[in-house]
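The values are calculated or read from the model by the stated rules, or taken from the named source; none is laboratory data. Just so it is clear, the structure is predicted and the values come from calculations on it, not from any experiment. Note that each Cβ is placed from the backbone with ideal geometry, even for glycine, and that neighbours are counted across all protein chains shown. With ligands, DNA and RNA removed, areas are computed over all heavy atoms of the protein, side chains included. Shrake-Rupley method; radii C 1.70, N 1.55, O 1.52, S 1.80 Å.
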Amino acid sequence: MTRPQWGQSDRTRRLAGEDDAGHGSPGPEDAPEPCPVCRTRRTAPRCPVCGWDGDGHNAAGGDRGQEHTAAWRWDLRAALLATRAHSPERGAAATPEGTLHPRLRTLLRRSHSVEDGHGDPSGPESPAAPAGDGGADTTPYGDLSGAVSLLTALAAGEVDAVCFFGVSPAGLAMEEVGRDDRGALGPRDDRAAFLDWRQAVPWLRHPAPERQFLLAGGIGADAPYGVRGVPGTSDTAWETPVRHAVHEGLQGLLAAREHGRDIPLVAVDAAPGWRWPRHALTLLDRCAPPSATLTLRPGDPRLHDDPRLHGDRRPLAGVVTAACRRVPLRYGYALLTRPPDQAAEGPAARARLLFPCGTRLPDSGELPVKVPLLASPDQDATLFALPVVVARGPHPRRWSVLRTAQTRLEPGRRTTVTVLLDASGAVRFEGPEPLADPGADVAFHFDERALLEQSPAPIPRPEPLSDLMVLLELGGEADDFARRTGFLQAVLNRLAAVWPHGDALRVGLIGYADHAFRTVGRNRTGEAPLLFWGSGTAREAAHALPGFSHCGVADDFGAPMEEALQAAGSTGYWRTGSRRALLVVGRRPPHPPRQGRDQTLPCPAGLDWEAHLHHLRQRLGLRVIAVRDPLPGLPGRPVRPPTGERIERFWEELGRQGRFTLDRHTPDDVAVCFTRSAGRRSAAAGLMTDVPDEEPGPSHTRYLTIDHGLTGGTAQPEGR
Amino acid sequence: MSAEEQGEVRFPPELRATTRGEEPQAESAPQWREAAPDAPAGVPAPRRPTGDRVRIGLWGSPTSGKTTFLAALRLAAQEPSGAYGRWQVVAADDVSEAFLIQSSRELTIDRRFPVATRESGLLSWLFRGDLTGTRYARKRFGRSRRANQLEFEFSVLDAPGGHYEDLYQNVDGDRATAHLAASTGLVYLFDPMREAVDGDSFAYLNGTLARLTRRCMAAGALDGPYLPHHIAVCVTKFDDPEVFERARRGNWTELGPQGTPVVPDPEGFFDWLAQDLHGSTMELIGRAIRSSFHPSRIHFFATSAIGFSTRPGGGVDLGRFGNVHQVGGEPQILGAINPHNVMDPVIALLLGIKKRW
């Protein structure tokens, strides 16, 4: 190939005075002259990178031939870097986009053969090692130690944030790592930025292989230097946009530093040996010298981010997250338990340390800790909570709940729960007993703060008034009705235990039987099918339940619940200032106000259950708790889709603030839900009782004592 | 010179007026007889009208409401407004009489649907009516009063709907088809809700049509490519909320003079419903019927054996029109039954058949 435009004199003149050596910083004025081909600072007459030998002579073509050989060698090196970063399928390797320049195609094919080991990399045309200036590659790729030391300082509060500035064949990226109140580190989504090389360098509109070939420093074939239409791939064409891109990327960091924030910088070189990414890092070194440098291979899997995870390109997110996970826990993770020898004035709960501060997250898998626990025998309920807190100090007010699970156990039973810490810092539970995440049930929001503060208040306060109205469906078979009333009776007994006497809780009952749907006679509207009781205490209501009896069913898919909702809203039952709740125990939804595609008959009185429900919630401020008796399988054809949709939509709407199912939930669940809405926290799920280590000798377990801030904590979290 | 004299064959062949006791035949019937396959032994030909009597058969897939239709037919015939004239229904035998009494009680007193047919049985009633003063009466000048007096035999081999599909394995199914072949008019009940769920109505229609065509071909009763029967295609359960709401959504309904919803263009509604029930075989059913029966002998209706729930003063409240509710998995009738378009298909068949004589 002849390249008459590459006159040595022109090239030497054009490159004179440039300070961007291919693999080094600018040297003193008396430094050796840079290589006219690759501009590497030569320490010997023969350039160690491209092989140009200014003092030697090429037998074939003299200086011109030697320059051609050196240029070919340099381009082959760039092509090799580009191939490593961008590895298309074999066969279409050289022409992934079909229109490559012949010279570049040849180079890429050659670089492929070198990659595969078919070519002879030590031959006269072989490229030098891409990442080094001819010497052995000693770069510690992927070494996170520098970044981790800075992040550890961040976790300790010594610096305000840590910024990562990365350069890769794809572009320039910025990530900022912050710390939350639990001491956990993580990249901040609002501070992340990415600039694609195609945006940074406007004329770089080439297919990926050509673009990366140019980024790696490839010179190309055509005049003046470049491949196919590059407007003068001169250094000027590169330097200005690269400088602009780096300055733009650092603006936020420099501004923050001017405001006094201490933000160290980590430079991430994800394109080692690439000429223009390296130039960007050189500029970065001048503007904001990094505190640590992290070198990655372009093919590092952590750089291949998934835009779907973040909504935008964030190639450094994986690396930054991996570095954050290497930082030891700043605060310990502890499980809240009841002390086994709880005295009346003693602490209500204590924290059993599971993962002390300084714990390193596992690189893979999970870190398990087994905790023997006892279901307190003096507790009526069978529901127990397992809250894991981040212990930021001895005072429980500074603690925050990391995760909570709940389990069902018969009081007095022992169990062993395994708490597992994974590589991301998340905690999960395993145990022989069924464990459930309270977050999975929208009806059951676990109030962990209540657990931390469940000691009696030092100053007795007047108990808030609570009103509960129960709507009970009477229609159905005797067995179904007995099951509903049995469940309701259990709920009322639980409430009676919480409100044993007085009128702090007042309960009323409304039973609704089916419409008669009479079509003979003067009155076609269904007779009022309601049966009232009350009001009284929860225990009185429980005793009154046997007075309700079941009745026949007039419609499989509709009950006069709309009448009961209307009655609940119109009665003068509710006391001023009381906390109000409506508990609905039923199987069928109400009748619709109008006939539609539904099989269900409309309400004879035309009542709209949605309007009455809205009135109860918005005007009267009721919290509605729904207990659904699942519809048994009916003979005949299956329920039509419009009917099924209406039923599901109703229960979803009714149970927006609390929805339970007769088979899946227990009376405890409903009682806890109501007591929480009534402002009573004493009925919240209890803690498991701690079981001391049975082995003789000093215990390896350390505790934090919660004294509710009354006297101040004395213990400190300790590692094990 | 007529076309026949010139040696041309008219297609479709025109039904020739026959004398009493003769089978109505098409002019070109002999040409078609040549291709007739071997007729099964004892195949009855379509029954010829005896006097003014016309025999009408009932046909439909399972749960299409055949038994309920039969039970409602007598109540519809006694429509107090006299829209169909005055009719007397006379049972032909004890079984038919018992069915009439029992099913009427179930519909009106017990408010439940008659039990679906499990065993085949021949039921037959004689309907004698006078259309004078109704919209169906012939009002030609000089025509005697007797011209408006009609008599037909409504004869049904009340077979389970499944027999119409299993023609080869089931003897009763074959008997049912033979019974249909011997009828002059057919009432075909099509349940769109069953079709929307199961999508198998075409299976019941197709097998029966094939057997029916074969029988008529063997008996030389085919009218060109068409069966000789008149057929009333009834889209049943029009009062069902889902069917009625679809009809309203497609703007196919109007309020009739009695304040009851009616479908002015039932054929158009049938075709639209076939498209609305996307993926069903209803479109195939329409095609099969139109290719098997002469276009002038096909009548469409939207029917409801029990009708809509009405207000005390009459008329239908569109906010509460349902007359059926489900209790314990079984449908029950809410109020009084108001058969809708139950007599109309029969009258239309009668008039269509009479017009040809």
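Add +1 for every Lys or Arg and -1 for every Asp or Glu among the other residues with Cβ under 14 Å from the Cβ of A:D629, and state the total.
Summing Lys/Arg as +1 and Asp/Glu as -1 gives +1.
Return the Cα extents of segment A:466-677 along principal axes one, two and three, sorted largest first, each rounded to a whole Å.
48, 34, 30
Just counting partner chain Cβ atoms within 10 Å, what average do the residues of peptide B:317-323 show around their Cβ?
5
Rounded to the nearest 0.05, what FRET efficiency is calculated for A:R428 and B:S296 with R0 set to 60 Å and r the Cβ-Cβ distance?
Efficiency at R0 = 60 Å is approximately 0.20.
How big is the accessible area of B:F99 in square angstrom, nearest 10, if you roll a 1.4 angstrom probe over the protein chains?
Rounded to the nearest 10, that gives 40 Å².
Under the definition of partner shielding as Cβ atoms of other protein chains within 10 Å of a residue Cβ, what is the mean value for peptide A:591-602?
The per-residue average across the peptide is 5.
R0 = 30 Å: FRET efficiency of A:E648 with B:R249, Cβ-based, nearest 0.05?
0.85
Which whole-number percent is the relative contact order of segment A:147-219 (Cα, under 8 Å, 6+ apart)?
Over segment A:147-219, the number comes to 22 percent.
What share of Cα pairs, in percent, lie more than 20 angstrom apart in segment A:145-325?
53
Determine the relative contact order of segment A:466-677: mean sequence separation of Cα pairs under 8 Å and six or more apart, normalised by residue count, in whole percent.
24
Within the set of other residues whose C-beta is less than 9 Å from the C-beta of A:V319, count the net charge using Lys and Arg as +1 and Asp and Glu as -1.
The answer is -1.
Amide H neighbours of A:V268 under 5 Å, at least 5 residues apart or on other chains, H built in the peptide plane: list them.
A:F165, A:G166, A:V167, A:L294
Using mean Cβ contacts within 10 Å as the protection proxy, how do B:181-194, A:314-327, A:490-503 order, highest first?
Result, highest mean Cβ count within 10 Å first: B:181-194, A:314-327, A:490-503.
With each pseudo-label sitting 7 Å past Cα toward Cβ, what's the B:L126-A:S549 distance in nm, one decimal?
Each label point lies 7 Å from its Cα, and together they span 5.5 nm.
For A:S466, list long-range residues whose amide hydrogen, built 1.01 Å from N in the peptide plane, is under 5 Å from its own amide hydrogen.
Amide H to amide H, under 5 Å and 5 or more residues apart or across chains, A:S466 pairs with A:L505, A:R506, A:R579.
Count, for each residue of A:552-564, the Cβ atoms from other chains sitting within 10 Å of its Cβ, then give me the mean as a whole number.
2
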